[in-house]
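Each remark here refers to the structure printed beneath this line.
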Amino acid sequence: MKCPNCGSERIQYSTHTKGGGFSFFDSCCGFLIFGPLGLLCGSCGSGVTTDEFWICQDCGKKFDTKEAKKAQDAYNQLQTQKENERLQYLENKKLESEAIAQYGSIDEIDIRYRQEKRIFEEKKRCYDIARETYIESCDEQSKKKILTVDNVSDKIANIILIPAIATIVLLFIFMPLAIVTGIASIILFITMVILSLKKDKYQLELEEKFLQNDPEAKILKSQMDAAEKSFSYWNELKQKIDACRRYEEQNPPT
Ligand SMILES: [Zn+2]
């Protein structure tokens, strides 16, 4: 057992007894239930309670077993978390030294990371441009569908605040109407969600059409995917090395 305030183990057990004697409340209850004889209930020892508690010899904090247990649990949880962080750090550190042995230095890794990032961004840009160009140049029908969904969604976004605010105001003035405007704003909100799902679907359809119909699309996509895969390796390595630095900054060697 430890003090929840200062963590000291120099604590002293103590008890405090209260109640007992004649209780006016018990006496009244006894009278109501058992009649005049029930008045004696007031002098029964039912009201006696014993408080058990501890006093810290160092900081003077008075606490009970429950409080001490709660503090101990919190302390244990923190220790577990710290230990997990340490294990994760050791794992990252091992990876870091392996990477340094393989690629020369942290700076070298950093250069590769930035290089791969640039390549991936460039490939993605090429793919995006080709896709946009394809969508611009053909398929009026799909474009119109997306545009309509966008327009309706914008209009709802503009008016949805009206029933929402009305609901809050009417809550204090006229409840039945508040329910109506509340339902209206919920319906509008759900409509917006459905529209955004529809838009995603239309966009996916367009992307598929692009991949099927544009001869360049597949090549650009495979280049982009390859660059992304390569970049993700370096990105992960860089994240882990950065996590090592952060851990070392937060836990300086003692
Ligand atoms: Zn204490």
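The values are calculated or read from the model by the stated rules, or taken from the named source; none is laboratory data. If you're wondering where the values come from, they're calculated on a predicted model, not measured in any experiment. Note: ideal-geometry Cβ built from the backbone for every residue, glycine included; neighbour counts use all protein chains shown.
From (1) touching a Lys or Arg at 6+ places or on another chain (Cβ under 9 Å); (2) surrounded by 16 or more Cβ atoms within 10 Å (Cβ to Cβ); (3) at pLDDT 90 or above, pick out the condition that doesn't hold for residue 91.
Status for residue 91: all satisfied but (2).
Quick check on my filter: what residues within region 184-201 are among the small types (Gly, Ala, Ser) and over 14 Å from residue 150 (Cβ atoms)?
Those that are among the small types (Gly, Ala, Ser) and over 14 Å from residue 150 (Cβ atoms): 184, 185.
Taking the options 30, 20, 35, 7, name whichever one is among the small types (Gly, Ala, Ser), farther than 30 Å from residue 78 by Cα and modelled with pLDDT of 60 or more.
35
Condition (residue is free of Cβ contacts under 8 Å to residues at least 24 places away in the same chain, within 16 Å of the ligand (Cβ to nearest atom) and within 25 Å of the chain's Cα centre (by Cα)) applied to region 77-94: is it met by at least one residue?
The answer is no, given that none of the residues of region 77-94 is free of Cβ contacts under 8 Å to residues at least 24 places away in the same chain, within 16 Å of the ligand (Cβ to nearest atom) and within 25 Å of the chain's Cα centre (by Cα).
Of the residues 130, 166, only one is assigned to a helix (DSSP H, G or I), more than 30 Å from residue 213 (Cβ to Cβ) and either under 35 Å from the mean Cα position of the chain (by Cα) or among the aliphatic types (A, V, I, L, M) (or both); which?
166
What pairs can you find where one residue is in region 1-15 and of a type in the set (D, E, K, R), the other is within 7 Å of the ligand (Cβ to nearest atom) and part of a loop (DSSP other than H, G, I, E, B), and their Cβ atoms are less than 6 Å apart, with a gap of 6+ or different chains?
10/58
Here is a check on your reading of the model: is residue 236 among the acidic types (Asp, Glu) and out of contact with any helix residue (DSSP H, G or I) (no Cβ under 7 Å at 6 or more places or on another chain)?
yes
What single numbered condition from (1) surrounded by 12 or more Cβ atoms within 10 Å (Cβ to Cβ); (2) at pLDDT below 95 fails to hold for residue 49?
If we test residue 49 against (1) surrounded by 12 or more Cβ atoms within 10 Å (Cβ to Cβ); (2) at pLDDT below 95, just (1) comes out false.
If I filter region 55-62 for residues that are of a type in the set (Val, Ile, Thr), modelled with pLDDT under 90 and either within 16 Å of the ligand (Cβ to nearest atom) or not in a helix (DSSP H, G or I) (or both), do I get at least one hit?
No: region 55-62 contains no residue that is of a type in the set (Val, Ile, Thr), modelled with pLDDT under 90 and either within 16 Å of the ligand (Cβ to nearest atom) or not in a helix (DSSP H, G or I) (or both).
Give 152, 180 a once-over and let me know the one that is farther than 30 Å from residue 130 by Cβ and either aromatic (Phe, Trp, Tyr) or modelled with pLDDT of 90 or more (or both).
Result: 180 is the single residue among 152, 180 that is farther than 30 Å from residue 130 by Cβ and either aromatic (Phe, Trp, Tyr) or modelled with pLDDT of 90 or more (or both).
Here's the yes/no breakdown for (1) exposed (fewer than 14 other Cβ atoms within 10 Å of the Cβ); (2) in a helix (DSSP H, G or I); (3) not assigned by TED's automatic domain parsing to the domain that holds residue 134:
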| residue | (1), (2), (3) |
| --- | --- |
| 155 | yes, yes, no |
| 204 | yes, yes, no |
| 210 | no, yes, no |
| 222 | yes, yes, no |
| 232 | yes, yes, yes |
| 235 | no, yes, yes |
